[in-house]
1. Rounded, prolate or oblate, given the Cα gyration tensor of segment 1-89, with a/c below 1.5 counting as rounded?
2. Calculate the dipole size of segment 247-396 relative to its Cα centre from +1 charges on Lys and Arg beta carbons and -1 charges on Asp and Glu beta carbons; express the result in debye to the nearest 20.
3. In whole Hz, with x marking every Gly and Pro, tabulate ³J(HN,Hα) for segment 106-123 from phi via Karplus 6.51 cos²θ - 1.76 cosθ + 1.60, θ = phi - 60°.
4. Just to make sure I understand: if all protein chains stay in place, what is the order of 84, 308 by accessible area at 1.4 Å, largest first?
5. Toward the positive end of the charge dipole of the chain, about the Cα centre and with charges on Cβ (Lys, Arg +1; Asp, Glu -1), which of 419, 191, 346 goes farthest?
6. Please work out whether segment 347-434 counts as rounded, prolate or oblate from its C-alpha gyration tensor, where a ≥ b ≥ c are the square roots of the eigenvalues and a/c under 1.5 means rounded, while otherwise a/b larger than b/c means prolate and anything else oblate?
7. Please go through segment 269-367 and write out the GluC sites (Glu not before Pro) that DSSP classes as loop and that have at most 15 other C-beta atoms within 10 Å.
8. Note down the accessible area of residue 406, probe 1.4 Å, to the nearest 10 Å².
Amino acid sequence: MRLYTIPTNRVCYEQAVSYVEEIEEVKNNSGETIEFLVLENGSNQVEKVNGTYFKAYNEQAGGTKIHYLTKAVQREWLEQLIKRANCADGEALLEILSSENVICYGAVLNKSFLIGASLEAESIHRRDSDTQLISDRSKPFPLEYEINFLGKSYRDFEELHSGIEEPIYFVGGNYTGAWAGDFGELYDKDPNLLYRHVGLNYPGRDFEAVKALVDKRYGKVNSGPQTADEDKVALVMDRMIELGNCAFSEVFKYYPVSPAKEMLATDYFIHDLLFALRLPNVYHSSRVFHGHTDERKNDEWFHSYHLRSARYKVYNRFMNRFFGELNGIGAERTLPKAKKLAALMNDVYEHSRHEFIAEGREVLAELGSIFEDSEIPAYVGLSSILRDSTEELLLEIEEGIRDFITLLDAWDALIAAAPSLPFPYEGSKEASRQ
């Protein structure tokens, strides 16, 4: 069985329904069993609207059902799972995994991993709630690429030009449409502003390398239609795969992603870990359409988004230290136990905390300078907010690191307990027994 998921904190009926075509095509051609779950993590009002839409859809759907999971249903199941796993710090784990009423990119992804383990899914396929399927049968759907490659050996595919024997754990593609990040105004004012901004994520890279990355991932290279000469598939050791158009095989049972709150890109942990272990990702050329929804168009969103980006830039300096230590112990193409990663991360945190915090202050100061140099009023105002909240941001980042250590340490126990508590989505055998 394959698990197809959309995490959402917005009304997403139209987006979700677009992907039924992709699922039906694969089911009809391959005989695969694919269950489609939408995991709610939005406001009560958003939940009410989504619940009404999906209930009506399922009452008339003749094929694939879209199983809609409310926050309460998810939380109740997590409570039972944590008890069954007999984890220490159960209350803390519940809050880490639930992360309600805050923006937490890792929360719903981690819940989908646990639900996938509970249902003994072979793979998990994720689409973002602000994306839609591009219905173009001149090329494979993303799901077809994902199922074709996941779990098989790199060396079995001539087009990958690789002799790696290990299985392929992660497959995905990019977006067309709106930029993946909300950085267009900086880029349009002066591309160098965005090069400096992104360069703070990659302190070891020279300017030309950062420029190439920005132009490829954020710039207008991805805004138009796909060209005929793009490679169908390639191996990448960079974050070219968007999490809103991707799939995981067994690796989702081995590790969670970071549960840090109010922080961008923390859910890319598995990308980064695979890179550190010298296991590249399979990157395909079938995109999904990405649009920015209305909630992005106000000052509150603007400040929230860019503060999440600021937190990540500091957090990433810590993670660079962590991955440096992981490389230092010679880990390559072998997946370490989650508990081992927890112990290593804790050790790095305890021994480098003061240096990492000092570096974080410098990163936030430089980011404020970039905003001031833009002379764009909204960004100049944001630089003042950064100055005033620097120490608070650093404390929040540290909390996110400690939460990740706690979750990594408990992950094996949670995954082991999950199959004994199958998630009771509508129409499942478990739900019918309730």
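The values are calculated or read from the model by the stated rules, or taken from the named source; none is laboratory data. The model shown is predicted, which means the values in this text are computed figures rather than measured ones. Cβ: placed from backbone, ideal geometry, glycine included. Neighbour counts: every protein chain shown. In case anyone asks, the SASA skips ligands and DNA or RNA and just uses the protein heavy atoms, side chains included. Shrake-Rupley method; radii C 1.70, N 1.55, O 1.52, S 1.80 Å.
1. Working: a/c = 2.60, a/b = 1.36, b/c = 1.91.
Taking the square roots of the gyration eigenvalues as a ≥ b ≥ c, segment 1-89 is oblate.
2. Values: 18 positive and 23 negative charges, 180 e Å.
Computed about the Cα centre, the dipole is about 860 debye.
3. Running phi through 6.51 cos²θ - 1.76 cosθ + 1.60 with θ = phi - 60° gives x, 4, 6, 5, 5, 5, 5, 4, 5, 5, x, 5, 5, 8, 6, 5, 6, 7 Hz.
4. On the way: 84 125, 308 0 Å².
Largest accessible area first, the list is 84, 308.
5. 419
6. Details: a/c = 5.15, a/b = 1.98, b/c = 2.60.
Here segment 347-434 falls in the oblate category.
7. Values: sites: 295, 300, 325, 332, 350, 355, 359, 362, 366; in loops: 332.
Of the GluC sites (Glu not before Pro), the ones in loops of segment 269-367 whose Cβ has at most 15 other Cβ atoms within 10 Å are 332.
8. 40 Å²
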